[in-house]
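Undergrad: Let me begin by handing over the structure; questions about it come next.
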Amino acid sequence: MSLKQRAGNHDNHNNRQEERKEEIQGDCSNAPSDVSFCRYMNCRALPGNPYNPTNHEHLANVATHGLLIVPSIFGLGWMLTLADESSEFWIAVIYGAALVALFTVSTTYHTISFSGKFNTLKNILHIGDRAAIYIFVAASYTPWLVTKEMSLDLRVEALWVIWTMAILGILYQYNFHEKYKSLEVLFYLIIGVCPAMIVVFAMKESSGLHELALGGIIYIIGTMFFKLDGIVPFAHAIWHCFVIVGATIHYYAVCKYVLGVRQVALVQETIQIIHDS
């Protein structure tokens, strides 16, 4: 079954759900009694159905990642200027492109969702939005596994494992989109945490390790809000903000400790020679 047909089926399922008003309303047992508060949060979605954000939440979802598209493009360009060898160039391309894709696909999906139109396209983009997360997680580990020395020579194997997990996560989204949501969060945590064990405990040289760990912790905390739509107002936008902070920390670490390191070391060595003479 093609992606368009699968999205169309999901769209038809949603339309059938809309014909049943009591099911649209979802679980409102935790809904606030203050009607004005409902502008900032709708009722929690039923199992197997996407959450329907309020207009305020839609705007927050679009803005929180939309404002990062242009900076991420410039960030990709800056990474390419820092790269001083072939491996670093491809690291910059992979990580930078994944960063741009993360914010671009997310913003496009939330914009289409806010419009209330193009339901089939919306569902395709929703799957793409989730797929971009898996790709970005794998791309975040790639610079460290390619360039850093490990006490155990498992870099190639770890890269295969991480990218295979990302592909499996994408296939899961394609086949079980909006089903088993707790399992979806578990997959994100597994692909995010398990490879970190290899990097943290096997890296011989620890530069950048603190930033890598800090960014990972921020991602994990943000994941708590990922599926709290209908429980916490603006939960998804809050998740976006955690992603921004974590991505910024990891971007800084890649630029400082991975890209152009030899070039910086050469400059420092030259300065030291001049100083000693």
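The values are calculated or read from the model by the stated rules, or taken from the named source; none is laboratory data. As the structure is a prediction and not an experimental result, all values here were calculated from the model. Cβ placement follows ideal geometry from the backbone for every residue including glycine, while neighbour counts extend to all protein chains displayed.
Undergrad: Looking for something among the small types (Gly, Ala, Ser) and assigned to a helix (DSSP H, G or I) - is there at least one such residue anywhere in the stretch 142-151?
TA: Checked against the condition, which is being among the small types (Gly, Ala, Ser) and assigned to a helix (DSSP H, G or I), the stretch 142-151 yields no hits at all.
Undergrad: Name the single residue that is nearest to Val245 (Cα to Cα) among those in the stretch 69-117 being surrounded by 18 or more Cβ atoms within 10 Å (Cβ to Cβ) and in contact with a His (Cβ under 6 Å, 6 or more places away or on another chain).
TA: Phe103
Undergrad: Pick from the stretch 152-166 the residues that are modelled with pLDDT of 85 or more and either loosely packed, with under 14 Cβ neighbours inside 10 Å or among the charged types (D, E, K, R) (or both): which of them is farthest from Ile191 (Cα to Cα)?
TA: If we take residues in the stretch 152-166 being modelled with pLDDT of 85 or more and either loosely packed, with under 14 Cβ neighbours inside 10 Å or among the charged types (D, E, K, R) (or both), then Trp160 is farthest from Ile191 (Cα to Cα).
Undergrad: Quick check: anything in the stretch 258-274 under 24 Å from the mean Cα position of the chain (by Cα), surrounded by fewer than 18 Cβ atoms within 10 Å (Cβ to Cβ), among the aliphatic types (A, V, I, L, M) and modelled with pLDDT of 75 or more?
TA: No, the stretch 258-274 has no match at all.
Undergrad: Is it true that some residue in the stretch 236-258 is touching a helix residue (DSSP H, G or I) at 6+ places or on another chain (Cβ under 7 Å) and more than 29 Å from Ala60 (Cβ to Cβ)?
TA: yes
Undergrad: On to the next question. Of all the residues that make up the stretch 115-144, how many are aliphatic (A, V, I, L, M) and more than 19 Å from the chain's Cα centre (by Cα)?
TA: Going through the stretch 115-144 one residue at a time, the tally reaches 1.
Undergrad: Take residues that are farther than 30 Å from Trp144 by Cβ and at pLDDT 70 or above and tell me which of the helices (runs of 4 or more DSSP H) falling wholly in the stretch 4-121 contain 2 or more.
TA: By residue number, 55-66, 86-115.
Undergrad: Sticking with this one: Quick one: Ser182 ticks every box in (1) in contact with a helix residue (DSSP H, G or I) (Cβ under 9 Å, 6 or more places away or on another chain); (2) surrounded by fewer than 20 Cβ atoms within 10 Å (Cβ to Cβ); (3) among the small types (Gly, Ala, Ser) bar one, so which box is it?
TA: Single failed check for Ser182: (1).
Undergrad: Consider the stretch 235-256. How many of its residues are under 18 Å from Leu145 (Cβ atoms) and either polar (S, T, N, Q) or free of Cβ contacts under 8 Å to residues at least 12 places away in the same chain (or both)?
TA: 0
Undergrad: Go through the stretch 223-240 and report how many residues are surrounded by fewer than 19 Cβ atoms within 10 Å (Cβ to Cβ) and either over 20 Å from Tyr134 (Cβ atoms) or touching a strand residue (DSSP E or B) at 6+ places or on another chain (Cβ under 8 Å) (or both).
TA: 4
Undergrad: Give me the residue from the stretch 48-68 that is touching a residue at least 60 places away in the same chain (Cβ under 8 Å) and under 27 Å from Asn175 (Cα atoms) and, out of that set, surrounded by the most Cβ atoms within 10 Å (Cβ to Cβ).
TA: His65
Undergrad: Do the conditions hold for Thr120, that is, is it surrounded by 16 or more Cβ atoms within 10 Å (Cβ to Cβ), among the polar types (S, T, N, Q) and over 25 Å from Asn175 (Cα atoms)?
TA: Considered against the rule, which asks whether it is surrounded by 16 or more Cβ atoms within 10 Å (Cβ to Cβ), among the polar types (S, T, N, Q) and over 25 Å from Asn175 (Cα atoms), Thr120 comes out as no.
Undergrad: Restricting to the stretch 133-150, and then to whatever is at pLDDT below 90 and either touching a Phe, Trp or Tyr at 6+ places or on another chain (Cβ under 8 Å) or of a type in the set (Val, Ile, Thr) (or both), can you tell me which residue is surrounded by the most Cβ atoms within 10 Å (Cβ to Cβ)?
TA: Thr147
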